[in-house]
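J.: Please read through the structure below; I'll follow up with questions.
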Amino acid sequence: MSLTRRTTFLALVLMATAAVWYGAMQIQLNGDDYQYLASLAPIEHFSDIFRPFVTPDANPSFFRPLSNLTMSLDFLLFGWNGTLFHATNLFFHLVATVLTYFIVKNVFRWKETVAIASAFFFGIVASHEYNLMVDTARADMLVAIFTMSALLCQNRARKNPMWSIAAWVSIVLALLSKESAVLLIPFLILYFRQEAGFLRTIKMIVPYLILAILFYFYHSHYTISAMESQPLTAAGAHSIAALLRNGLYSIVYFFVPLDLSTATDLLVRFHSFLASIAAAGMILLGWLFWHSRNSQGTKSLFPAVQFTVVFGIILLFTFERWRLYLPSVGLAALLPFAIANSKTRIVTIFFGVLFIGLCFFHIDRAFEAESEWRTSTNLLEGLRLNLRQILSEPLNRKNAVGFLDVPAKLGSASVLQLGKSALVDRAEADKVPQYYRSALIGTEKSCWCAVDVYALDRHIGFRELTLQRIAPQCYLVSVPDFSEMVLYPANLTSNVVARRDLELHTGDSIKSAEFLDIIRSAQQGLARSIEVHVLDTSALLLSYSG
């Protein structure tokens, strides 16, 4: 393919990607953004954007100074303008889309047409919704960009060793974006071992090992022990069943990112049936792969499979949709590869129709997701203004705020799933003029929440939510039977885990220092009413009216 045609096709891919995700720039900042901007404050001068390199992250498990630098720079330049924050995210996604083309073409060594189709699919898939809508999730985009850059540079270093320097710089930037960049080292060993030999491969990765060791030595000064980090304490680290379930979730979610309502129905009501079907499908797929392992087509699949497995290993411990970003480079290439390497015309047509159908599905789901996030962030902004008015009243000047219930999610979009304390902080600090240019927090209020409310259908929203006072310091939060709303106890003990496939039963109780939650009604494993006993009698109690 000529340079002109290649450039034209890549330009069309980028235009299509930008058209699909343009709606991301129409949403406002969300609760996660509030939290991280507060933790990065004050942001008043250019020198402030480098503070994340010498201070702990808001999450003590992480140290991602480069990602936080971009958040600080966005705030310094744009203030609270969510449009421009998300424009930065879209720019990073376009860069990653271009790099996907070069990874498929130069690392997987597949046909140029397959590389272009893979980049197109990677660009439009709705599975990347969270990375584009939530600014703190840009860490996964940045680590993908710099990890792919390091891999491409190391690939070119086989002919010109000077490219190794660019690869080393890229891996440092990747590590400073997100710790998972260290997974590049095992992938390099797997990828180059057969071609360069074991000893030459080990020699090649020595600089990467040195840089990774230096980074983790530096990293350890600002974080808790790695053994206490979320992936190693999650269910997948202690259960083979959870490990396999998370891997299955990851693959299915990439290809079919269902809306929250459908996903909840399937995971709660048809969990066992789906698990059986999935297990049979995985066994069949494994048998087919093993049976054809020596064929040329299957061998050429190995780099993409290795890429997906190595960079997706963390998803096995804990499935979170934003972590799927880098591993999805390999997944995005599978269908285009299958179309290009089909042995018969009927198989080619089958995979072609499947690919086109999935593209239309993902585009529609991306538009729906953008609409959900637009509605949810508008609601969050309304909550902030309402909360500011409430907290400005003299009678409400208490040191603690207790939310009996909060709108946690609207469809697949977060409202106040996280960031409740940050919302209180911002509502309080709105009275400080310099807050808008420095993100300076001017409050010491503590905050807790008893019940998270999920509105599975964005169009119905939270209108069916009711709150009833049944005794002093005792309230009943409820929704109608068969409602498209779900209630979750906000703070869950170790024996009750907040998962969508978790069944809640009448009588289950969850206690914290501030409140006691008792499930009073459950339907098909989903809570319909929760009794809240308030133990923190000094808090200002608030409830969302729906």
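J.: Would you be able to say whether some residue in segment 94-105 is out of contact with any helix residue (DSSP H, G or I) (no Cβ under 6 Å at 6 or more places or on another chain) and in a helix (DSSP H, G or I)?
T.: Looking only at segment 94-105, we keep the residues that are out of contact with any helix residue (DSSP H, G or I) (no Cβ under 6 Å at 6 or more places or on another chain), and these are 98.
Then keep just the ones that are in a helix (DSSP H, G or I); that gives 98.
So far as segment 94-105 goes, yes, one or more of its residues are out of contact with any helix residue (DSSP H, G or I) (no Cβ under 6 Å at 6 or more places or on another chain) and in a helix (DSSP H, G or I).
Here is a yes/no grid of residues against (1) open to solvent by 20 Å² or more (accessible area, probe 1.4 Å); (2) of a type in the set (Phe, Trp, Tyr):
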site	(1), (2)
25	yes, no
32	yes, no
63	no, yes
67	no, no
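J.: Scan segment 191-226 for residues that are in contact with a Pro (Cβ under 7 Å, 6 or more places away or on another chain) and over 17 Å from residue 65 (Cα atoms) and jot them down.
T.: Just the residues of segment 191-226 that are in contact with a Pro (Cβ under 7 Å, 6 or more places away or on another chain), to begin with: 191, 222-224.
Correct list: 191 only.
J.: Restricting to segment 523-533, name every residue that is of a type outside the set (Ser, Thr, Tyr), in a strand (DSSP E or B) and open to solvent by 10 Å² or more (accessible area, probe 1.4 Å).
T.: 523, 531, 533
J.: Okay, next question. Out of curiosity, is residue 391 under 29 Å from residue 18 (Cα atoms) and surrounded by 15 or more Cβ atoms within 10 Å (Cβ to Cβ)? Spell out how you get there, then give the answer.
T.: Details: under 29 Å from residue 18 (Cα atoms): no; surrounded by 15 or more Cβ atoms within 10 Å (Cβ to Cβ): yes.
Here the answer is no, as residue 391 does not meet what is asked.
J.: Filter segment 302-331 down to the residues that are closer than 18 Å to residue 189 by Cβ and among the hydroxyl-bearing types (Ser, Thr, Tyr) and list them by number.
T.: Scanning segment 302-331 gives a single hit, 308.
J.: Is it the case that residue 355 is open to solvent by 20 Å² or more (accessible area, probe 1.4 Å), without any contact (Cβ under 8 Å) to a residue 40 or more places away in the chain and not in a loop (DSSP other than H, G, I, E, B)?
T.: Numbers: open to solvent by 20 Å² or more (accessible area, probe 1.4 Å): yes; without any contact (Cβ under 8 Å) to a residue 40 or more places away in the chain: no; not in a loop (DSSP other than H, G, I, E, B): yes.
Spelling it out, it is not the case that residue 355 is open to solvent by 20 Å² or more (accessible area, probe 1.4 Å), without any contact (Cβ under 8 Å) to a residue 40 or more places away in the chain and not in a loop (DSSP other than H, G, I, E, B).
J.: Restricting attention to segment 369-386, report how many residues are closer than 19 Å to residue 132 by Cα, among the polar types (S, T, N, Q) and open to solvent by 60 Å² or more (accessible area, probe 1.4 Å).
T.: Matching residues across segment 369-386 total 1.
J.: Being touching a residue at least 40 places away in the same chain (Cβ under 8 Å) and open to solvent by 20 Å² or more (accessible area, probe 1.4 Å) narrows it down to one of 121, 92, so name that one.
T.: 92
J.: Something else: Are any residues in segment 309-320 part of a helix (DSSP H, G or I) and open to solvent by 30 Å² or more (accessible area, probe 1.4 Å), and if so, which ones? Let's see the steps before the verdict.
T.: We begin by selecting, within segment 309-320, every residue part of a helix (DSSP H, G or I); these are 309-311, 313-317.
Listed by number, the residues that qualify are 309, 313, 314, 316, 317.
J.: Working carefully through the options 328, 300, find the one that is out of contact with any Asp or Glu (no Cβ under 9 Å at 6 or more places or on another chain) and open to solvent by 30 Å² or more (accessible area, probe 1.4 Å).
T.: It is 300.
J.: Can you tell me which condition residue 28 does not meet? The list is (1) part of a loop (DSSP other than H, G, I, E, B); (2) touching a residue at least 24 places away in the same chain (Cβ under 8 Å); (3) over 20 Å from residue 379 (Cα atoms), and all the others hold.
T.: (3)
J.: Quick one: residue 382 ticks every box in (1) under 22 Å from residue 535 (Cα atoms); (2) not in a loop (DSSP other than H, G, I, E, B) bar one, so which box is it?
T.: (1)
J.: Would segment 419-441 turn up any residue that is closer than 25 Å to residue 373 by Cα, part of a loop (DSSP other than H, G, I, E, B) and at pLDDT 80 or above?
T.: Within segment 419-441, none of the residues are closer than 25 Å to residue 373 by Cα, part of a loop (DSSP other than H, G, I, E, B) and at pLDDT 80 or above.
J.: OK, next. Of all the residues that make up segment 42-74, how many are in contact with a Ser or Thr (Cβ under 9 Å, 6 or more places away or on another chain), assigned to a helix (DSSP H, G or I) and hydrophobic (A, V, I, L, M, F, W, C)?
T.: Total meeting the criteria: 5.
J.: Right, next: Report, by residue number, each residue of segment 106-122 that is part of a helix (DSSP H, G or I) and hydrophobic (A, V, I, L, M, F, W, C). Steps first, answer last, please.
T.: Restricting attention to segment 106-122, the residues satisfying the condition of being part of a helix (DSSP H, G or I) are 106-107, 112-122.
Within segment 106-122, 107, 114, 115, 116, 117, 119, 120, 121, 122 qualify.
J.: Could I ask something else about it? Is one or more of the residues making up segment 191-208 out of contact with any His (no Cβ under 7 Å at 6 or more places or on another chain), exposed (fewer than 13 other Cβ atoms within 10 Å of the Cβ) and modelled with pLDDT of 90 or more? Steps first, answer last, please.
T.: Taking segment 191-208 as the starting set, the residues that turn out to be out of contact with any His (no Cβ under 7 Å at 6 or more places or on another chain) are 191-208.
Checking the rest, the ones that are also exposed (fewer than 13 other Cβ atoms within 10 Å of the Cβ) come to 194-195, 197-200, 203, 206.
After this cut, where a residue has to be modelled with pLDDT of 90 or more as well, the list is 206.
Scanning segment 191-208, I find at least one residue that is out of contact with any His (no Cβ under 7 Å at 6 or more places or on another chain), exposed (fewer than 13 other Cβ atoms within 10 Å of the Cβ) and modelled with pLDDT of 90 or more, so the answer is yes.
The values are calculated or read from the model by the stated rules, or taken from the named source; none is laboratory data. Predicted model only: the values in this text are computed from it and were never measured. Every residue, glycine as well, gets a Cβ built from its backbone with ideal geometry; the counts of neighbours run over all protein chains shown. The area values use the complete protein model at the heavy-atom level, side chains included, leaving out ligands, DNA and RNA. Shrake-Rupley method; radii C 1.70, N 1.55, O 1.52, S 1.80 Å.
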